[in-house]
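Q: Before anything else, here's the structure in question.
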Amino acid sequence: MADHCRTDLSAYNNHWYSPGRNFLIRVVWFAVHGILFKSWLPGSGWRTFMLRLFGARMGEGIVIKPGVRVKYPWKLAVGDHSWLGEYVWIDNLGLVSIGDHCCVSQGALLLCGNHNYKKSSFDLIVKDIRLKDGVWIGAKGIVAPGVTCHEHSVLAAGSVATCDLEAYCIYAGNPARKVRDRVIQQTVGQSRQAA
């Protein structure tokens, strides 16, 4: 049997990581977030305003449901007409970019941080996440650090994206695998408006 090292969490050190903004702004955000932002008070407009106030880049027509958690607003960009469902958790140690017309469903987790299991000190790993236009992350779906979900891709409910999702494809499972192409039919009302 090979001689294996052991995990030593007493050696863990993430002093290299900077969440950005000064300590006071982070404390104020955590207070506002804990008391008000993730509360069950209805309304998206004031939540969008609060995120903008703390440095998020927010588009128009965004829907943010109650219970949404955002670790660092200044590391978040959300495009026009995108939706964040109840209990979405954006654990954005890195940058999270969400495009236009995206849907992040209830209980989904966008996770920018992880740990290096190959190191005895369990070092912190931080990578950005990018959801391009038209992406749908299903309920309880998890997007792992460093993943890009390309245009109009779908991550099925309860699935885990550990690598990039191709455009116009549907992924399911843990780890998520491509199960079929996504074909989007134009709504009748849209074709009349375009004419």
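The values are calculated or read from the model by the stated rules, or taken from the named source; none is laboratory data. Note that the structure is a prediction, hence the values are computed from the model and not measured. Every residue, glycine as well, gets a Cβ built from its backbone with ideal geometry; the counts of neighbours run over all protein chains shown. These area figures cover heavy atoms from the full protein model, side chains too; ligands, DNA and RNA do not enter into them. Shrake-Rupley method; radii C 1.70, N 1.55, O 1.52, S 1.80 Å.
Q: What residue, of Ser10, Ser18, Ser39, is in contact with a Pro (Cβ under 8 Å, 6 or more places away or on another chain), among the hydroxyl-bearing types (Ser, Thr, Tyr) and surrounded by fewer than 19 Cβ atoms within 10 Å (Cβ to Cβ)?
A: Criteria check complete, one pass: Ser39.
Q: Please specify each residue of segment 87-105 satisfying the condition of being of a type in the set (D, E, K, R) and open to solvent by 50 Å² or more (accessible area, probe 1.4 Å).
A: Asp100
Q: Would you check which residues across segment 21-36 are open to solvent by 90 Å² or more (accessible area, probe 1.4 Å) and either touching a Ser or Thr at 6+ places or on another chain (Cβ under 8 Å) or closer than 19 Å to Asn92 by Cβ (or both) and list them? Working first, answer last.
A: Of segment 21-36, the ones open to solvent by 90 Å² or more (accessible area, probe 1.4 Å) are 21, 23-24, 30, 35.
Result: Arg21, Phe23, Phe30.
Q: May I ask you to list the residues in segment 141-150 that are of a type outside the set (A, V, I, L, M, F, W, C) and either part of a strand (DSSP E or B) or surrounded by fewer than 16 Cβ atoms within 10 Å (Cβ to Cβ) (or both)?
A: Thr148
Q: A further question follows. For segment 106-133, enumerate the residues that are open to solvent by less than 10 Å² (accessible area, probe 1.4 Å) and either without any contact (Cβ under 8 Å) to a residue 24 or more places away in the chain or out of contact with any Pro (no Cβ under 9 Å at 6 or more places or on another chain) (or both).
A: Those that are open to solvent by less than 10 Å² (accessible area, probe 1.4 Å) and either without any contact (Cβ under 8 Å) to a residue 24 or more places away in the chain or out of contact with any Pro (no Cβ under 9 Å at 6 or more places or on another chain) (or both): Ala108, Leu110, Leu131.
Q: If we scan segment 55-77, do we find a residue that is of a type in the set (Phe, Trp, Tyr), over 17 Å from the mean Cα position of the chain (by Cα) and either outside any loop (DSSP other than H, G, I, E, B) or at pLDDT below 95 (or both)?
A: No, segment 55-77 contains no residue that is of a type in the set (Phe, Trp, Tyr), over 17 Å from the mean Cα position of the chain (by Cα) and either outside any loop (DSSP other than H, G, I, E, B) or at pLDDT below 95 (or both).
Q: Which pairs do you get when a residue that is farther than 12 Å from His115 by Cβ, found in segment 1-25, comes within reach of a residue that is modelled with pLDDT of 90 or more and assigned to a loop (DSSP other than H, G, I, E, B), reach meaning Cβ atoms under 6 angstrom, with the pair 6+ apart or on two chains?
A: Note: pairs meeting the criteria are Cys5/Ser120; Asp8/Ser120; Ala11/Ser121; Pro19/Tyr72.
Q: Moving to a separate point now. Name the pairs: first residue in segment 86-98 and modelled with pLDDT of 95 or more, second residue among the acidic types (Asp, Glu), Cβ to Cβ under 9 Å, at least 6 apart or on different chains?
A: Asn92/Asp128; Gly94/Asp128; Leu95/Asp128; Val96/Asp128; Ser97/Asp128
Q: Looking only at residues that are small (Gly, Ala, Ser) and farther than 25 Å from Gln185 by Cβ in segment 137-160, which one is nearest to the chain's Cα centre (by Cα)?
A: Ala144
Q: In this structure, does Arg47 turn out to be part of a helix (DSSP H, G or I), open to solvent by less than 50 Å² (accessible area, probe 1.4 Å) and charged (D, E, K, R)? Steps first, please.
A: Values: part of a helix (DSSP H, G or I): yes; open to solvent by less than 50 Å² (accessible area, probe 1.4 Å): yes; charged (D, E, K, R): yes.
The answer is yes for Arg47.
Q: Considering only residues of segment 175-195 that are part of a loop (DSSP other than H, G, I, E, B) and more than 18 Å from Ile129 (Cα to Cα), which is modelled with the lowest pLDDT?
A: Ala195
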